[in-house]
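The values are calculated or read from the model by the stated rules, or taken from the named source; none is laboratory data. Because the structure is a prediction, the values reported are computed rather than measured. Positions of Cβ are generated from backbone atoms using ideal geometry, with glycine treated the same way; all protein chains shown enter the neighbour counts.
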Amino acid sequence: MSEFDAIVVGAGPAGASAASRMASSGLNVLLVERGDPPGSKNVSGGILWGQELSKLYPDWEKSAPLERFISNKVTGFLTDDSYIGIDFRTKKFEKEKTGYSVLRTKLDGWLAKKAKDAGSTVITGITVDGLAWNDKRVVGIKQGNDIITSDLVVLAEGANPRIAIGEGLRPPIGDHDVAIGIKQVVKLSEQVINERFNLRNGAGMAAEFSLGFLKNGVKAGGFLYTNKDTISAGVVIDIAGLRKDNSTYSFNIMDQFVSHPYIAPYLEGGQLQEYSAHLVCEGGIDYVPKLYGNGYMITGDSAGLSFSNGMVIQGMNYAIASGIAAADTAIRCKNSGSYDLDQIAYYDNLMKDSQAIKDMKNFRGISKVTWSPMVHEFIPKFAESVLNGMFYETGEPKKHLMEIALGSLKETGYDRKKLIIEGFRLMRKM
Amino acid sequence: MVLEIVVMVKQVPDSQEVVIDPVTMNLNRSMTRNVTNRADENALEAALQIKDKVPANITIVSMGPPQAETTMIECLARGADRAVLVSDRAFGGADTYPTGLTVASAISKLDHFDIIIAGEESSDSSTGHVGPGVAEFLGIDQITYCSKIEFSDGRVTAERELEDGTEVVQCPTPVLVTMLLGSNFPRMQTLRRKIDATKKGIEVWNLEKLGLQPEWVGVRGSPTIVRRMQSIKERERAKKPVTLEAIPDMVKELYEKNILKVK
């Protein structure tokens, strides 16, 4: 007889959602989180896209600690001297809220409290060491000299899944599977943020940039998200490129981004409140391991469930969805009285039909595009050159766009054959 | 016979995160995380090390608001056996005198005690009064600022770090000992203990349980009040790169500016 029906390792969006759902169905649940309070070890940009939480808490948009709804999406390029962006605003986003900026210490604290209120035993400040096995079946978790037993273990460890890797449930992390995320939270007033970003009535902006000013093959994206009275500013850095260049450090890239001539004014006068770093899953569908086995399920980032195509970055919504799917599987097992492998396989069926897996399958290999020299070097330079050609008044006779474009193409010095291959790949994948 | 050890702990704002409100000059606690006072963790570890050798019961006693429960649970998860939180609105705003009285009366309500261990002082007010105060209210001996304690044959042997050496003091129980910050390495909490502690919960004792009069405790029982808090601005210091050749000139300059004096 196990002490718990289910043990959940990690109280992020995946783990806390799973624990909450299971506990509200009467399961005896233990939720263990190494951070104290929950969320203190977690970093996310972060925008929570989608409506996943409504499946757990119908009134979540009123009760969860959300910062601003996203009314405004910016996607762009930064070069040494220029800012090139598409600034998309639409009434549709204001009517049907599609995403909210969130701060994880607040959100994760709220989610963990919800899990506790639902009846889970929530333990914080303790790191689980590994899984307890009996006859090739997971029967609980190990911590120190103790074993805590359960019928099921839900792994929701996040982007650095030490247990899943250590127990051989998934391969170790490679350079192309993750990126380094660094984030600052800068405090300003609500009013100043509204004025600087042209926002009102709780609306917010989510901006992502390709950092075309980086040299030596180092590649990174930058982001700016508005919270209620803070701005989250950060970078996501390709590890493989960074490893090859010994002269650039990750924090240099962060410094360059926040001091860029067209980013710095947004943050000016603000007070640095947080500075954090974390791994970001980037491996795509090929990085997703087998999601279940005898006595366990893997959810959220620890299963590599995150999506990025350079313009949209998502993860928390997939985490919540996978947590709910794992919980529903556990509830089904409990009701049927069987925790056999074919019962746990139900989780895999649910996930196969999930938006997360569908999105990731659909965009298999996208990281080759999002981290391509084309996106990070060619497009920023080319666009800058074309726009300069179009808008810079020289007093000379004006040229046609095609002429400007061809000139700019030459100016970038980018290999044409490579351009055609990468361009074709970009159109196909993105 | 089982040795009864009491450990006094306090929940404090994490000193690394404390900010002073520039307007009110009060500590702004809303932004800070609450933690167990670090020296009290050393006190608990000292008790646990005694318990490693002889049969003992460790009771945690703390005075504080209800949220101090998290600190008590942490202490149980490290190895304490029982936790009593003395909590009542009437205790609010107490200075060190009624705090000592309140904690002492809670300890005297326990069936029995042999050794009381406290941290040298709390990181948020740094008075070091409450431990010695408790010993005085209870009328027992005290050994303060200890780096090490041992128990054998009904006696406590304690080492006190002095400026010019180490003093070894021996004392029969009952005795109160205060431990220096950093005097040992507190052991980790275990999940097993934390689950049990979380499920079991802690004991909360109020004014009535202690049988104290409201005018003896809290702000009413406090002979001192804090009139004003002031934050100190760090002075900008001049910096100059030093080269070997420039040293004589720099010394001369310091002398001329009356910073260095020659006898």
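Test A:Lys114 against the criterion of being within 14 Å of chain B (Cβ to nearest Cβ) and either under 30 Å from B:Gln189 (Cα atoms) or not in a helix (DSSP H, G or I) (or both), and give yes or no. Even if it seems obvious, please write down each step before you answer.
Values: within 14 Å of chain B (Cβ to nearest Cβ): no; either under 30 Å from B:Gln189 (Cα atoms) or not in a helix (DSSP H, G or I) (or both): yes.
Against the criterion (within 14 Å of chain B (Cβ to nearest Cβ) and either under 30 Å from B:Gln189 (Cα atoms) or not in a helix (DSSP H, G or I) (or both)), A:Lys114 does not qualify.
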* If you go through the stretch B:182-193 one residue at a time, do you hit one that is more than 14 Å from chain A (Cβ to nearest Cβ), surrounded by fewer than 12 Cβ atoms within 10 Å (Cβ to Cβ) and of a type outside the set (S, T, N, Q)? -> yes
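Which count do you get for residues in the stretch B:92-120 that are among the aromatic types (Phe, Trp, Tyr) and part of a loop (DSSP other than H, G, I, E, B)?
At the first step, the residues of the stretch B:92-120 found to be among the aromatic types (Phe, Trp, Tyr) are B:97, B:113.
Still in the list and also part of a loop (DSSP other than H, G, I, E, B): B:113.
Summing the residues that are among the aromatic types (Phe, Trp, Tyr) and part of a loop (DSSP other than H, G, I, E, B) in the stretch B:92-120 gives 1.
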* Residues of the stretch A:148-167 that turn out to be within 14 Å of chain B (Cβ to nearest Cβ) and surrounded by fewer than 18 Cβ atoms within 10 Å (Cβ to Cβ), as a count -> 1
* To do: Answer yes if at least one residue in the stretch B:211-219 is away from chain A (no Cβ under 14 Å) and closer than 30 Å to A:Arg34 by Cβ, and no otherwise.
  => no
* Subset of the stretch B:149-175 [within 20 Å of B:Met1 (Cβ to Cβ) and either in contact with a His (Cβ under 7 Å, 6 or more places away or on another chain) or surrounded by 21 or more Cβ atoms within 10 Å (Cβ to Cβ) (or both)] -> B:Ile149, B:Phe151, B:Val156, B:Val175
* To do: Could you run through the stretch A:42-58 and say how many residues are free of Cβ contacts under 8 Å to residues at least 12 places away in the same chain and among the acidic types (Asp, Glu)?
  => 0
* Could you check the stretch A:1-104 for strands (runs of 3 or more DSSP E) lying wholly inside it with 2 or more residues that are crowded, with 23+ Cβ neighbours inside 10 Å and among the hydroxyl-bearing types (Ser, Thr, Tyr)? => A:99-102
* Filtered residues of the stretch A:408-430 (kept if part of a helix (DSSP H, G or I), hydrophobic (A, V, I, L, M, F, W, C) and either assigned by TED's automatic domain parsing to the domain that holds A:Gly212 or within 18 Å of A:Ser308 (Cα to Cα) (or both)) -> A:Leu426, A:Met427
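Listed here are the residues, each with its yes/no results for (1) of a type outside the set (Phe, Trp, Tyr); (2) in contact (Cβ under 8 Å) with a residue 24 or more places away in the chain; (3) closer than 30 Å to A:Val8 by Cβ.
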{"residue": "B:Glu167", "(1), (2), (3)": "yes, no, no"}
{"residue": "B:Cys171", "(1), (2), (3)": "yes, yes, no"}
{"residue": "B:Thr178", "(1), (2), (3)": "yes, yes, no"}
{"residue": "B:Gln189", "(1), (2), (3)": "yes, yes, yes"}
{"residue": "B:Leu207", "(1), (2), (3)": "yes, yes, no"}
{"residue": "B:Gly211", "(1), (2), (3)": "yes, yes, no"}
* Sole exception among (1) among the basic types (Lys, Arg); (2) part of a strand (DSSP E or B); (3) within 14 Å of chain A (Cβ to nearest Cβ) for B:Lys148, by number -> (3)
* Across the stretch B:214-257, what is the total count of residues that are under 28 Å from B:Val19 (Cα atoms) and among the charged types (D, E, K, R)? -> 9
* Go through the stretch A:43-95 and count every residue that is in contact with a helix residue (DSSP H, G or I) (Cβ under 7 Å, 6 or more places away or on another chain), under 30 Å from A:Lys113 (Cβ atoms) and among the aliphatic types (A, V, I, L, M). => 6
* Structure fact -> Here the qualifying pairs (Cβ atoms under 6 Å; residues six or more apart or on different chains; first in the stretch A:13-41 and within 14 Å of another protein chain (Cβ to nearest Cβ) and within 19 Å of A:Pro161 (Cα to Cα); second basic (Lys, Arg) and buried (at least 24 other Cβ atoms within 10 Å of the Cβ)) come out as A:Gly39/A:Arg104
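Given the options A:Ile285, A:Ile320, name the one that is outside any strand (DSSP E or B), of a type in the set (A, V, I, L, M, F, W, C) and surrounded by 23 or more Cβ atoms within 10 Å (Cβ to Cβ).
On the way: A:Ile285 fails: surrounded by 23 or more Cβ atoms within 10 Å (Cβ to Cβ).
When all the criteria are applied, what remains is A:Ile320.
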* Which of the residues spanning the stretch B:67-116 are surrounded by fewer than 20 Cβ atoms within 10 Å (Cβ to Cβ) and aromatic (Phe, Trp, Tyr)? -> B:Tyr97
* Candidates B:Glu120, B:Glu208, filtered to the one that is buried (at least 19 other Cβ atoms within 10 Å of the Cβ) and either more than 25 Å from B:Gly92 (Cα to Cα) or away from chain A (no Cβ under 14 Å) (or both) -> B:Glu120
* Could you pull out the residue among A:Phe378, A:Phe391 that is outside the structural domain of A:Asn309 (by TED's automatic domain parsing), in contact (Cβ under 8 Å) with a residue 24 or more places away in the chain and either crowded, with 17+ Cβ neighbours inside 10 Å or more than 35 Å from the chain's Cα centre (by Cα) (or both)? => A:Phe378
* Any chance the stretch A:117-140 includes a residue that's touching a helix residue (DSSP H, G or I) at 6+ places or on another chain (Cβ under 7 Å), in contact (Cβ under 8 Å) with a residue 12 or more places away in the chain and away from chain B (no Cβ under 14 Å)? -> yes
* **Tally, over the stretch B:67-84, of residues that are free of Cβ contacts under 8 Å to residues at least 60 places away in the same chain and within 14 Å of another protein chain (Cβ to nearest Cβ)** => 2
